[in-house]
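The values are calculated or read from the model by the stated rules, or taken from the named source; none is laboratory data. Everything numeric in this text was worked out from a predicted model, so none of it was measured. Here the Cβ positions follow ideal geometry from the backbone for every residue, glycine too, while neighbour counts run over all protein chains shown.
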Amino acid sequence: MNPKLKELRKKSMSLPLEPGVYIMKNKSGQIIYIGKAKKLKNRVSSYFGSDKQHTLKVKKMVEQVCDFDYIICDTELEALLLECSLIKQHSPKYNILLKDDKGYHYIKITSGDWPLISEVKQKLNDKAEYLGPYNSGWILKQTVDEAQKIFKLPRCSKQFPRDIGKSRPCLNYHLGLCSAPCSGKIKQSDYIESVHSAVEFIKGGSAETAANLQKQMEQAAENLEFELAAKLRDRIKALTRASERQKVITSSYKEQDVIATARTENTLCFAVMCFRAGHLTDMNFFVINNPDELVSDRTEFLERYYSSVTEIPKRITLDGEVTDIELLEGWLTNKSEHSVNIVIPQKGEQLSLIKMCAFNAAEHLAKLEQRGTPETAALDELARLLSLPAPPVYIEAYDISHTMGSENVAGMTVFENGRPLKAAYKRFRIKSFEGQDDYRSMAEVLDRRFTEYKTALENGEKSGFGRLPDLILLDGGQGQMSAVLPIMQKHGINVPLFGMVKDSKHRTRAITAGGGDISIRANHRAYTLIATIQEETHRFAITYHRNSSRKKGLSAELSLIEGMGDARIKTLLKKFKSIAAIKAATAEEIKAATGFPIKVCERIYDFYH
């Protein structure tokens, strides 16, 4: 805890209720955070009061504050302008400092008889040919990718001619995306010609390349070289498809930036899609470690990003809320000298662009963290759908299974980063009552789970029951949620809770929240994830129920043998697993396995023979 907290709070309470900028410093006098406030006294004093509402990032910052300065401004807009200027000048540790993938990028064409084309960030002193430099890494990657697809060039790490004939062609060959020089499927002369055409495409663009290929195809047809003409025709078709794919990504607004986010537990990624003249011209990614609350992070990102760019469009489309939207619009309008509108779309083309931008952010984040893109995108989509503060990294799901109230059991599954974590699965046998009552069963299971959590905390355990989930899902609707919410309140657990609802055909239909059902079928990634979780939880619970029912039947049968109580039945089933194995064993083998008296073993043998 900061020993100067009382002193800092006393100083903050003497601040005026005026707009301004505050500057936090550590014991070395180094500036660690700069912020703006509509009312300095209210904002600054909030740091040095109760820390219950503080995020982890704010708590760490406050622990290091030794003193603060402030500058009073006439207006909130003036405070924002000053804040942006000071942050750019001092780069404080706890302010968002943007890092992107900007820099110079090159296209590399290796030397030798089998050259390869790739996108690189450095120009080396080797024998390769380099095209560039280019400013936009994203545009360059798209161009190289299209060239490799159209002209069927390899994208693997194999070297030719060294690796020719050493392996079978990969999937890209079977998909028609590679000519498979590794398997000798293409002559060297034809390969060289493909590389030259790809370089021509990169330098001149699809229209010029298509025109040249059209002339070559017509000439080949006149010379009766029909095989060559067919190959050129296929390339023209591939170019046309690539051009059509590029035209799809357009905007009805001629100039706009589309900004969306993807988030993991410790990282936040902003993707910025730049539309100019109605077409996507660039995409940039910015990654922030140890993010704070999303609304404040999004607001600060806009301030930092548009402080550094020279071109501000008339429209900025966001995937969520920001604080002081009118203030930001006024600042951007003042900076760009034209009207700027910030919008959060709810439907139509603009919402589709937001989803595309968010998916690209998730894909970029997945590459950085080496996680699967579909899972990352699904968790991010689920977080937005359920209004969660961040994608749920650790999810627990519960289901009840019984037969008319008998053998009442429950299953708990765990999904981490969108994938089953089977080592963390748990099984529960309902103990507090007999009969059929799914609501009471669910309440008992969650009560026992949170009791185990408190015990684990006391023992210093942070895994298994000692870890709270980011999201709890119950198989069922409002009834199950109403039964569990009082249990969570009793234990002081604050975790988002939702129900998973099925339709008449037992397929996932919606998610139940406190205010009603949330349809998820239109959000296909989130829907697939929820359906997978619900199906896996049901499978786990019903498998436990069937095994319990089977063991109960076996126990009833074995209890007919004289001398067989519950403990001996349990030992016998544990050693032999099934009745068939018990039947196949001799009395001596049963004794050797269980240690039972020989007379009991003989009775078991006689019972089945």
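Only one of these is assigned by TED's automatic domain parsing to the domain that holds V409, closer than 24 Å to A383 by Cα and surrounded by 16 or more Cβ atoms within 10 Å (Cβ to Cβ): G466, G516, G492. Name it.
Within the list G466, G516, G492, the selection yields G466.
Listed here are the residues, each with its yes/no results for (1) closer than 26 Å to L328 by Cβ; (2) touching a Phe, Trp or Tyr at 6+ places or on another chain (Cβ under 8 Å); (3) charged (D, E, K, R); (4) not assigned by TED's automatic domain parsing to the domain that holds C84.
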{"residue": "P19", "(1), (2), (3), (4)": "yes, no, no, no"}
{"residue": "L40", "(1), (2), (3), (4)": "yes, yes, no, no"}
{"residue": "Y47", "(1), (2), (3), (4)": "yes, no, no, no"}
{"residue": "S50", "(1), (2), (3), (4)": "no, no, no, no"}
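Could you list, ordered by first residue, the pairs with Cβ atoms under 6 Å in which the first is in the range 498-527 and within 21 Å of S482 (Cβ to Cβ) and in a strand (DSSP E or B) and the second is charged (D, E, K, R) and at pLDDT below 80, at least 6 apart or interchain?
From residues that are within 21 Å of S482 (Cβ to Cβ) and in a strand (DSSP E or B), the pairs are R509/D503.
Does at least one position in the range 586-607 carry a residue that is farther than 26 Å from K426 by Cβ, at pLDDT below 80 and crowded, with 16+ Cβ neighbours inside 10 Å?
Within the range 586-607, none of the residues are farther than 26 Å from K426 by Cβ, at pLDDT below 80 and crowded, with 16+ Cβ neighbours inside 10 Å.
Please indicate, with yes or no, whether at least one residue in the range 472-482 is without any contact (Cβ under 8 Å) to a residue 60 or more places away in the chain, aliphatic (A, V, I, L, M) and under 18 Å from G411 (Cα atoms).
Yes, the range 472-482 contains a residue that is without any contact (Cβ under 8 Å) to a residue 60 or more places away in the chain, aliphatic (A, V, I, L, M) and under 18 Å from G411 (Cα atoms).
What's the number of the condition A580 fails, among (1) over 25 Å from M412 (Cβ atoms); (2) in contact with a helix residue (DSSP H, G or I) (Cβ under 9 Å, 6 or more places away or on another chain)?
Going through the list (1) over 25 Å from M412 (Cβ atoms); (2) in contact with a helix residue (DSSP H, G or I) (Cβ under 9 Å, 6 or more places away or on another chain), A580 breaks only (2).
For S118, indicate whether it is over 28 Å from F285 (Cβ atoms), of a type in the set (S, T, Y) and either assigned to a loop (DSSP other than H, G, I, E, B) or in contact with a helix residue (DSSP H, G or I) (Cβ under 9 Å, 6 or more places away or on another chain) (or both).
Considered against the rule, which asks whether it is over 28 Å from F285 (Cβ atoms), of a type in the set (S, T, Y) and either assigned to a loop (DSSP other than H, G, I, E, B) or in contact with a helix residue (DSSP H, G or I) (Cβ under 9 Å, 6 or more places away or on another chain) (or both), S118 comes out as no.
Among the candidates E407, E444, which residue alone is at pLDDT below 85, surrounded by 18 or more Cβ atoms within 10 Å (Cβ to Cβ) and more than 30 Å from E363 (Cβ to Cβ)?
Criteria check complete, one pass: E407.
Please work out if A377 is over 20 Å from T299 (Cα atoms), of a type in the set (A, V, I, L, M) and in contact (Cβ under 8 Å) with a residue 12 or more places away in the chain.
Criteria met by A377.
How many residues, within the range 567-576, are surrounded by fewer than 17 Cβ atoms within 10 Å (Cβ to Cβ) and closer than 14 Å to E557 by Cα?
Adding up the residues that qualify gives 1.
With respect to S432, determine if the residue is hydroxyl-bearing (S, T, Y), part of a loop (DSSP other than H, G, I, E, B) and either farther than 19 Å from H538 by Cβ or more than 26 Å from the chain's Cα centre (by Cα) (or both).
When the stated conditions are applied, S432 passes them.
One line per residue, one yes/no per condition, for (1) buried (at least 17 other Cβ atoms within 10 Å of the Cβ); (2) in contact with a Cys (Cβ under 6 Å, 6 or more places away or on another chain); (3) at pLDDT 80 or above:
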| position | (1), (2), (3) |
| --- | --- |
| Y191 | yes, no, yes |
| H196 | no, no, yes |
| F201 | yes, no, no |
| G205 | no, no, no |
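Find all pairs meeting these conditions: Cβ atoms under 8 angstrom apart; at least six residues apart or on different chains; first residue within the range 188-204 and more than 12 Å from E129 (Cβ to Cβ) and acidic (D, E); second residue at pLDDT below 85 and crowded, with 20+ Cβ neighbours inside 10 Å.
Going by the 8 Å Cβ cut-off, the qualifying pairs are E200/T209.
Return only the number of the condition from (1) in contact with a Leu (Cβ under 7 Å, 6 or more places away or on another chain); (2) at pLDDT 80 or above; (3) not polar (S, T, N, Q) that Y134 does not satisfy.
(2)
Does E83 qualify as being of a type outside the set (A, V, I, L, M) and crowded, with 17+ Cβ neighbours inside 10 Å?
Against the criterion (of a type outside the set (A, V, I, L, M) and crowded, with 17+ Cβ neighbours inside 10 Å), E83 qualifies.
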